[in-house]
Amino acid sequence: MVAPIPQALESLLSPEQILSSAEDLIVYGYDGTAGLKQRPLAVVFPESAEDVSKVLRLAAERDIPVTTRGSGTGLSGGSIPSENGIVLCLQRMNKILEFDTANLTILVEPGVVTETINQAVSKEGLLYPPDPGSMKISTIGGNVANNSGGLRGLKYGVTRDYVMGMQAVLPNGETIWLGNKCVKDVAGYNLKDLFIGSEGTLGVITQILLKLVPRPVARRTMLALFDSMEDAAAAVSKIIAAKIIPCTLEFVDRFTLQCVEDFAQAGLPTDCEAVLLIETDGHPAQVEEEAEQIQNILAQSNARETKTAKNEEEANQLATARRSAFAALARIRPTTILEDVTVPRDKLAEMIRFVQKTAEKHDLKIASFGHFGDGNLHPTILADERDADEMKRVHQALEDLFEKTLELGGTITGEHGVGLAKKAHLHDQYQDYSYTLLKQIKKTLDPQNLLNPGKTFDV
Amino acid sequence: MSKLRLAEMDYSVLQQCMHCGMCLPSCPTYNTTGLERNSPRGRIALMRSIADGELELKEAFAEEMNYCLGCLACTSACPAGVEYASLFEASRADIEENRILDTSERRFWRWITIRTLFLHPRLLRLTGRALWIYQNLGLEKLVRASGILKLLPKKLRELEPLAPRIRESFTHELVAESESPPEKPRYRVALLTGCVQDLILSELNRDTADVLLVNGCEVLTLPNQACCGSLHSHNGEEELAKQLARKNIDSYDLENVDAIISNAGGCGSHLKRYAHLLSNDSEYANKAKTWDSKVKDIHEWLCEIGFCPPGPLPVAKQVTYHPSCHLNHGQGVRQQPVEILKAIPNLTLVPLTDADTCCGSAGIYNLTQPEQAGQLQSQKASHIRDTRSDIVATANPGCHLQIQNAVFPKIEVRHPISLLAEAYRNCAISD
Ligand SMILES: Cc1cc2nc3c(=O)[nH]c(=O)nc-3n(C[C@H](O)[C@H](O)[C@H](O)COP(=O)(O)OP(=O)(O)OC[C@H]3O[C@@H](n4cnc5c(N)ncnc54)[C@H](O)[C@@H]3O)c2cc1C
Ligand code: SF4
Ligand code: SF4
């Protein structure tokens, strides 16, 4: 007779690396996504690529699904385990392996928390720019698997732009290394890019080589209030047209602003339609000049009011409205559904207006905030999952939003990933043979369909 | 099994947790083990599973909830405003009522503390007096030398040197039932003396009264005050907690006081939640709301009414501040104590690393989970030493003792209000 899985794992790993009691399984059955959960069969904590490989070989032999997990902050259900599956939690692989100040790279294990990387490199005056809102807790492995973005995306790009190489374990247990420290490298297909954003469906990332940049020494923070979203959008276009790329170009809409004022009292008028938070960083002289240019543009763009921070404290104060947006919204109703549809920048104002109309049409509370600079919008639906009728309207509203996004040439997910939550809509975006190609790649790398099966699409 | 509170309570409190994980880095127990079950998110998921009937209420859950400090750091970190305190209390009440962790030693401890001493203020003071005699008349040395302590159970033996120094006089001997400021009072307030505090820091109540008088408040201090019930509530004794809450509410003519002042972070945090505790009590629900609206932490109150700027301390001091969890996370009183300390001219305030992390005292946690409590205590002590301060200020008797046991006599532990009182007095003398 073959041993049950938890016991079979015991022959591969030490007992502290395996959890199988009900109390332990329940708590690895969810991530940050509303309404999704699934109890796994066992949770394991590999400490090396060899451990990962052993577990994947056992899984292949016994036909058991495996779901990789970082910190479980994902917002699309990516790390929800399969029924009777194993959770492979990489949090204990959390060492910084090499910090190379000559080549400006850092080699880390996947379980390192994103912010820890920044703390480590800032001592040398360097920066790892991607800064997802969850960076205090998310793992770098999760960031790479989801190709996460952050507030600095417009100027600095997203996770993908900083991954120079990686080690990964394939579903067949083989360990591979992709990429290197060279800025230029055209040998073979760019396979590492396949694993970035693969949501744990192609392999388990066990080491990551990241690129670093010099930390900007100066920063200026500005805030502008607008009576119409179109005016705000026009101001953004003018800023970009003036060849200024701010590191932050964020907005909150009127409903979000009202909630923020109730919660954090940032002292802003609740009757304006849009608030823009703008930050520029770099060399002091350049920052000075850009800030002045931005202020001029804002003044010419019907901004009702603009504020510029004189020091760090004031900068933090100006950022309050945007920073506390999520917290202000999340406490209003029991269920918070945070979306991340993204459209080309010049379509953002139209999309925001559409979100507002959709809320009215389906009698829902939907707030919008997000990254104006890169067209990434966070329509946030406030509901109660116990109210079946309301949830039905939520789903209808989401359908409408996805349809409109694609009509405007956008994407159903700008940074959270497809996972389970947006799986039903992926085909709408990949309408030609590309959808088949996605499946073929998955089948080539994972013929038994054991690595995070059922995520992103069904094979 | 009796009806579970977790199953009966308003489900939206459980549902409010969206398992985003933002609370994880703030949780001391999660930071120790890295295990999801030892995190706020994990604990709430277990509670929800119990409420949903997917998990049985068993020892593993009870142990988990005992491991939780109840420090509420997760509440400050949570973007969704999850009321962890209510969930924590409901869980512990379910565990107690269903006698999930019943051992005779545990029963003895609970009986002596929660059911006896903290329900009877006079008895508590009598015990305190006995301890004082023991500590001060040389008996302590005699007993320690005699080896008699070896006969005590291990836990009790380890605790004996931790026992706080009991004060010679208690509050009712130091503060009169009614005291008025020299000029016409601006406010009339009631002062809560706190039961542990009354034994080990009674002079703090004198200091609090003095500070209130300087700031134009008439101070009413009832003798024989009932315990606030926080210890009972945190340890699953909801009925006793309700009894104490009613007794406290009945002791005051609420319409006739502007504020009810608490100077202990832990008590204040519980005192402000009587309305929640008594929400199903038709007779008391409304009175409890009025009560809650009048309870003020002393720092909060002073900043609200605008306190007189103090003069310098007799000797300049370097001070760091440890925010008590229940003042900081429980009541959200963060800036006010800092403002008060900063107002003292020759006091230099040095920031404390990881100030927002629990010191491990957490009610009777240092009795029930000595290992984790000890670890947090030494971390805290080492951060405090790093500030090279003369004094660490903190506003809760539990923290006071926990920290004092680790840093005294090199560093003194003081309540911010004691320092303020000292500054006021010093100024009055030099005037
Ligand atoms: C409050 C909040 C704010 C957020 N803000 C942002 C934001 O600004 N921008 C943004 O992009 N996202 C954001 N997110 C989403 C989320 O934090 C990111 O997707 C993050 O990268 C997930 O990291 P994690 O370690 O929690 O991964 P998990 O949630 O555990 O996993 C995410 C996915 O990655 C896979 N995976 C994890 N580790 C590995 C690995 N080593 N190898 C292979 N696959 C792996 C998993 O299988 C899963 O599919 C936010 C989430 C929250 C709760
Ligand atoms: S931060 Fe709040 S909502 Fe998020 S997991 Fe923790 S308790 Fe739940
Ligand atoms: S109360 Fe403290 S120990 Fe308990 S879950 Fe919250 S942060 Fe952790």
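Averaged over the residues of A:28-35, the number of partner chain Cβ atoms lying within 10 Å of the residue Cβ comes to 4.
The spacing between the range A:89-133 and the range B:261-339, judged by their C-alpha centroids, is 41 Å. Taking a Cβ cut-off of under 13 Å around residue A:113, the surrounding Lys, Arg, Asp and Glu residues balance to a net charge of 0, with basic ones at +1 and acidic ones at -1.
Separation of the range B:380-412 from the range A:161-221 is 46 Å, based on Cα centroids. Pairs with C-alpha atoms separated by more than 26 Å, drawn from the list A:192/A:442; A:347/A:443; A:136/A:392; A:37/B:58; B:3/B:242, are A:347/A:443; A:136/A:392. Between residue B:280 and residue A:261, the simple spin-label model (points 7 angstrom out along Cα→Cβ) gives 4.0 nm. Across peptide A:68-77, the average count of Cβ atoms from other chains found within 10 Å of a residue's Cβ is 2. For the range B:347-358, backbone phi angles converted through the Karplus equation (6.51, -1.76, 1.60; θ = phi - 60°) give residue-by-residue couplings of 9, 9, 8, 10, x, 10, 5, 6, 4, 7, 8, 4 Hz, Gly and Pro being listed as x.
Close amide H partners of residue A:305, meaning residues 5 or more places away or on another chain with modelled amide H under 5 Å apart, are A:225. For residue B:47, the accessible surface of its heavy atoms amounts to roughly 0 Å² (probe 1.4 Å, protein chains only, rounded to the nearest 10). Summed over both chains, the accessible area lost when B and A associate is about 2500 Å², using a 1.4 Å probe. The C-alpha atoms of chain A define a longest principal axis, and helix A:284-299 lies at about 60 degrees to it. Rolling a 1.4 angstrom probe over the protein assembly as shown with all protein chains present gives an accessible area of which 51% lies on carbon and sulfur atoms.
Put simply, the amide H of residue B:218, placed in the peptide plane, has neighbours under 5 Å in B:186, B:187, B:188, B:189, leaving out anything fewer than 5 places away on its chain. Estimated at the nearest 10 Å², the accessible area of residue A:445 is 40 Å² with a 1.4 Å probe. Given R0 = 22 Å, the distance between the Cβ atoms of residue A:271 and residue A:350 translates into a calculated FRET efficiency of 0.50. Placing dummy labels 7 Å off each Cα toward the beta-carbon, the span from residue A:2 to residue B:257 is 7.0 nm.
Scanning residues 5 or more positions from residue A:68 or on other chains, those with amide H under 5 Å from its amide H are A:88, A:452, with H placed 1.01 Å from N in the peptide plane.
What's the FRET efficiency of residue A:190 with residue A:122 using the Cβ-Cβ distance as r and R₀ = 35 Å, to the nearest 0.05?
Rounded to the nearest 0.05, the efficiency is 0.75.
Can you tally the net charge around residue A:138? Count Lys and Arg as +1, Asp and Glu as -1, for every other residue whose Cβ sits under 11 Å from the Cβ of residue A:138. Net charge around residue A:138: -2. Mean separation of Cα pairs under 8 Å and 6 or more residues apart, divided by the residue count, gives the range B:285-422 a relative contact order of 27 percent.
Normalised by the number of residues in the range A:20-125, the average gap of Cα pairs under 8 Å and 6 or more apart makes the relative contact order 26 percent. Per-residue surface analysis assigns residue B:301 an accessible area of about 10 Å², computed on protein heavy atoms at 1.4 Å probe radius.
The long axis of helix A:254-264 is offset from the longest Cα principal axis of chain A by roughly 80 degrees.
Evaluating 6.51 cos²θ - 1.76 cosθ + 1.60 at θ = phi - 60° for every residue in the range A:326-331, the Karplus couplings come out as 5, 4, 5, 7, 5, 8 Hz, glycine and proline recorded as x.
Strictly greater than 21 Å: what percent of every Cα pair in the range A:5-89 meets that? Counting pairs separated by more than 21 Å, the tail of P(r) holds 23 percent. Here the spin labels are modelled as points 7 Å beyond Cα on the Cα-Cβ line, and at residue B:224 and residue B:386 they lie 5.0 nm apart. With the charge dipole of the range A:28-181 set up from +1 on Lys and Arg Cβ and -1 on Asp and Glu Cβ about the Cα centre, the Cα lying farthest toward the positive end among the listed residues A:151, A:121, A:163 is that of A:151. Each 10 Å bin from zero up to the one holding the largest Cα-Cα distance in the protein assembly as shown carries the following percent of pairs: 2, 11, 19, 22, 20, 15, 8, 2, 0, 0. Burial here means at least 40 square angstrom less accessible surface with every protein chain in place than with the chain by itself, probed at 1.4 Å; in the range A:132-165 the buried residues are A:137. The residues packed around residue A:53, meaning those with a beta-carbon under 14 Å from its beta-carbon, carry a net charge of -3 if Lys and Arg are +1 and Asp and Glu are -1. Each peptide in B:262-269, A:253-260, B:248-255, A:35-42 receives the mean, over its residues, of other Cβ atoms within 10 Å, and ordering these scores from highest gives B:262-269, A:253-260, A:35-42, B:248-255. Among the residues of B:9-21, the average count of other protein chain beta-carbon atoms within 10 Å of the residue beta-carbon is 6.
Relative contact order, whole percent, for chain A stands at 15, derived from Cα pairs under 8 Å and 6 or more residues apart. Only the Cβ atoms of Lys and Arg (+1) and of Asp and Glu (-1) were treated as charged; on that basis the dipole of the range A:5-89 about its Cα centre amounts to roughly 240 debye. Note on residue A:432/residue A:407: beta-carbon distance plugged into 1/(1 + (r/R0)^6) with R0 of 22 Å gives a FRET efficiency of 0.85.
The values are calculated or read from the model by the stated rules, or taken from the named source; none is laboratory data. Keep in mind the model is a prediction, meaning the values are calculated, not measured. All Cβ positions, even for glycine, are placed from backbone atoms using ideal geometry, and neighbour counts span all protein chains on display. In case anyone asks, the SASA skips ligands and DNA or RNA and just uses the protein heavy atoms, side chains included. Shrake-Rupley method; radii C 1.70, N 1.55, O 1.52, S 1.80 Å.
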